[in-house]
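Here is the structure we will look at, set down as structure tokens.
Values in this text are rule-based calculations from the coordinates and carry no lab data. What you see is a predicted model; the values in this text were computed from it and never measured.
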């Protein structure tokens with residue numbers, strides 16, 4: 001039901017004399033408008049979900065955009081993404097694995 005049809009039906013109901021005709025007109029209006037209200041509620045919910053999804057995408061894009069121009073190492077980028085700072089592991093040389101007697105050095 002479009003706006004013009006709705007307004008014409010309201011004027012028609014206002015001009016009716018009998019209560020039965022008015023009730024029939026109101027039932028017709030109700031049947032025409034109920035699906036529109038249901039559709040409006042569904043579209044509003046979908047719009048809210050779309051707005052949330054677009055905001056999440058925008059945030060992710062901004063994070064990626066700021067990373068593109070940076071000269072960060074892969075380790076620094078991983079720290080930015082995860083929020084966990086990983087300390088550098090000092091690798092031991094083969095010469096430092098054994099003492100003078102040939103025993104394994106536990107560190």
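Laid out as a table, the results:
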read-out: Acute angle (nearest 10 degrees) that the helix 19-68 long axis makes with the longest principal axis of the chain, alpha-carbon atoms; value: 20
read-out: Estimated 222 nm signal from helices in the chain, with DSSP H stretches of n ≥ 4 weighted -39500 (n - 2.57), rounded to 500; value: -23500 deg cm²/dmol
read-out: Between 0 and 90°, nearest 10: helix 3-15 axis offset from the chain longest Cα axis; value: 40
read-out: Whole-angstrom gap from the stretch 51-106 to the stretch 1-27, using each part's C-alpha centre; value: 71
read-out: Normalised contact order of the chain, rounded percent, pairs of Cα under 8 Å and 6 or more residues apart; value: 11
read-out: Top of 37, 94, 65 by mean-square fluctuation, Gaussian network on the chain, Cα under 10 Å; value: 94
read-out: Cα pair count fraction exceeding 22 Å, expressed as % - the chain; value: 70
